[in-house]
Amino acid sequence: WGGYWETALEHTSIELKENEGKLKIAYGLTDNWSLTLVPSYYSWDFDPGPSNSGLSDTVVMTTYRFMDEAESGWGMAIQGNLYVPTGDGDKGLGTDRFASGAKLLLSKKIGPFIGVVNLGGDMIFNSRDYEKDWVGEAVLEGIYPLTGQLSLNVALSGKTKRFDGSEEKAEMGVGFRFTPKRGDLFLAGMGYTSFTDLYDWGMQLAVGVEF
């Protein structure tokens, strides 16, 4: 995954430009259980002003599927996450804190339309005085197949703030996913707009191979 975010700071002529890159490596332990490692790279640039870049935090996650939509009509899974502070917090590249999280993943197909709901949150270990102990998150996504290989994706998401004085996250994304066939290269993209002052606009692109 690669992402770009841009924010014009209020009452100034300064812009904050952020880039992120994530490498998702997933391995299926069984048909219903997978393990994923996600190292990441992050850069920030105040224009005009300072900038920095380098290795950011790493996520280790595991997902177990309880219900298969093809068999039961519903898809249900639980995901556990461990956030490892591999980024340098003094340089603004990481959080310097371990955190763990869990999410409930639900999906349902209604005709050609697929609805997805993700609910969960993260617990921060040894949180600082100005930092929350718990961050909640919710995602509602709709997927509509345009062809056998191309789908339209629309997502609404929200996340409570982690630091005192920061903004809560509320955003909408519109994008696509193109997969020629299983086992081939896939390409996905999403453009975002924020309903809060967290950022002005952003985008993500992903490329990978499914086996």
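The values are calculated or read from the model by the stated rules, or taken from the named source; none is laboratory data. Predicted, not measured: the structure shown is a model, and the values here were computed from it. Backbone-built Cβ (ideal geometry, glycine too); neighbour counts: all protein chains shown. In case anyone asks, the SASA skips ligands and DNA or RNA and just uses the protein heavy atoms, side chains included. Shrake-Rupley method; radii C 1.70, N 1.55, O 1.52, S 1.80 Å.
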Q | Computed over the chain: relative contact order in percent, which uses C-alpha pairs under 8 Å that are six or more apart | A | 14 percent
Q. What are the lysines whose alpha-carbon lies under 26 Å from the alpha-carbon of K161, with same-chain residues fewer than 8 places away excluded?
A. K17, K22, K24, K91, K103, K132, K169
Q) Karplus couplings for the stretch 60-75 from phi (6.51 cos²θ - 1.76 cosθ + 1.60, θ = phi - 60°), rounded to Hz, Gly and Pro as x? A) 10, 9, 9, 10, 10, 9, 8, 10, 9, 4, 5, 9, 10, x, 10, x
Q: Scan the stretch 1-33 for GluC sites (Glu not before Pro) in coil per DSSP, keeping those whose Cβ has at most 13 other Cβ atoms within 10 Å, and list them by number.
A: E10
Q. Using a 1.4 Å probe, how large is the accessible area of W74, given in Å² and rounded to the nearest 10?
A. 120 Å²
Q) Measuring from centroid to centroid over Cα atoms, what is the spacing of the stretch 101-121 and the stretch 155-211 in Å? A) 15 Å
Q: Using a 1.4 Å probe and counting only protein heavy atoms, arrange D96, D57, D129 so the residue with the most accessible area comes first.
A: D129, D96, D57
**Q.** Loop trypsin sites (Lys or Arg not before Pro), the stretch 104-142 (other Cβ atoms within 10 Å of the site Cβ: 15 or fewer; DSSP)
**A.** R128
Q: Before rounding to the nearest 500, sum -39500 (n - 2.57) across all DSSP H runs of length at least 4 in the chain and divide by the residue total; then give [θ] at 222 nm in deg cm²/dmol.
A: -500 deg cm²/dmol
Q: Once every Cα of the stretch 1-153 carries one equal point scatterer and solvent is ignored, give the base-10 log of I(q)/I(0) from the Debye formula at q = 0.19 Å⁻¹, two decimals.
A: -1.29
Q: Take the Cα atoms of the stretch 103-211, find their three principal axes, and give me the spread along each one in whole Å, biggest first.
A: 50, 28, 27
**Q.** Within straight-line cross-link reach of K109, lysines at Cα separation under 23 Å, skipping those fewer than 8 residues along the same chain
**A.** K181
Q: Could you go through the stretch 96-102 in sequence order and give the Karplus-derived ³J(HN,Hα) for each residue, using 6.51 cos²θ - 1.76 cosθ + 1.60 with θ = phi - 60°, rounded to whole Hz, and x for Gly and Pro?
A: 6, 9, 6, 8, 10, x, 8
